[in-house]
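The values are calculated or read from the model by the stated rules, or taken from the named source; none is laboratory data. Please read all numbers here as calculations on a predicted model, not as lab measurements. Glycine also receives a Cβ, built like all others from the backbone with ideal geometry; neighbour counts cover every protein chain displayed.
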Amino acid sequence: MSNSHTPPHVGAQDPELRNSPIAMEMDEESDVLKQEVPGEPACYFNDIAYQHGDYVNSGGMLLRCDRGVWVQSVEGVE
């Protein structure tokens, strides 16, 4: 992981709040989701904006913001 700090623990997505979609890394679904949100400058998790390249920890899943889509990292959470 490129960030030297521990990603924030964000819990689960609240469907009542603004959230970006989550896709698996190297999954065809991630390409489809990226087409649905082309060029988004940020990802949202429970109404909080995160910049491209930021990581969050959601229930033990390490998620990376990739232009508007959360991509589940295969690196895992430390």
Restrict the check to the range 31-43 and report whether at least one residue is surrounded by fewer than 18 Cβ atoms within 10 Å (Cβ to Cβ), within 14 Å of the chain's Cα centre (by Cα) and at pLDDT 80 or above.
-> yes
Under 7 Å by Cβ, and 6 or more places apart or on different chains, what pairs join a residue from the range 39-62 that is free of Cβ contacts under 8 Å to residues at least 12 places away in the same chain with one that is assigned to a strand (DSSP E or B) and surrounded by 14 or more Cβ atoms within 10 Å (Cβ to Cβ)?
-> 49/42
